[in-house]
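The structure appears below as structure tokens.
The values are calculated or read from the model by the stated rules, or taken from the named source; none is laboratory data. What you see is a predicted model, and the numbers here were worked out from it, not measured in a lab. Every residue, glycine as well, gets a Cβ built from its backbone with ideal geometry; the counts of neighbours run over all protein chains shown. Just the protein is used for accessible areas: all its heavy atoms, side chains included, with ligands, DNA and RNA removed. Shrake-Rupley method; radii C 1.70, N 1.55, O 1.52, S 1.80 Å.
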Amino acid sequence: GITWQQYHIPENLTNEEAKQSIKTVNVTGYPGKAPFWGRFMTSSEVKVTDFENGRVHYDVDVPPSDGQSGGGVWYQDPNKDKPTLVAIHTHAGGVSGSGTFINMDTFQRISRLKRALETEIDRRGGN
């Protein structure tokens, strides 16, 4: 699988900076409907329509399927050696989709929550 370490996380990218520099993103995940049934990772490049209120909005030719939520929304910055993660896909409907904007602060909060959950699972003996 793909790990967080395979992505660059933006430090302090603002909505306005993103609007100026990011025109397309890739939505990656594990679709839960036929024919994939969550078994295969897919990725689609889509056109960004807006960055606003902590969300990235994009148009899609083929709507992301059930199971895509939680997948990375990323783009390849030519100045970086790995993809830049800008959002986590959370919504789709019709020919549009959106994801929650992510920056280093958001990433660190997710990491702290993950560590706390892992600690609690270990404390309970892995159950």
Tell me the per residue accessible area of region 14-127 using a 1.4 Å probe; a whole number in Å² is fine. 62
Could you work out the relative contact order of the chain, using alpha carbon pairs under 8 angstrom and six or more residues apart, expressed as a whole percent? 25
Just to be sure I understand: with springs between alpha-carbon atoms less than 10 Å apart, which residue in Ile88, Ile22, Ile110 has the highest mean-square fluctuation in the Gaussian network model of the chain? Ile110
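What's the local net charge at Gln76, with K and R +1, D and E -1, over the other residues with C-beta under 11 Å away? Intermediate values should be presented prior to the final figure.
Values: positive: Lys80, Lys82; negative: Glu45, Asp77, Asp81.
Once all neighbours under 11 Å are counted, the net charge is -1.
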What list of ³J(HN,Hα) values in whole Hz, one per residue of region 15-31 in order, does the Karplus curve 6.51 cos²θ - 1.76 cosθ + 1.60 (θ = phi - 60°) give from phi, with Gly and Pro shown as x? 4, 5, 4, 4, 4, 6, 10, 10, 9, 9, 9, 10, 9, 10, x, 10, x
Lys pairs under 29 Å by Cα in the chain, provided they are eight or more residues apart or on distinct chains: 13
Just to make sure I understand: if all protein chains stay in place, what is the order of Thr90, Thr119, Thr84 by accessible area at 1.4 Å, largest first? Thr119, Thr90, Thr84
The local net charge around Leu117, scoring Lys/Arg +1 and Asp/Glu -1 for residues other than Leu117 whose Cβ lies under 12 Å from its Cβ, equals +2
Could you give me the radius of gyration and the Dmax of the chain, taking only the C-alpha atoms into account and expressing both in angstrom? 15.5, 49
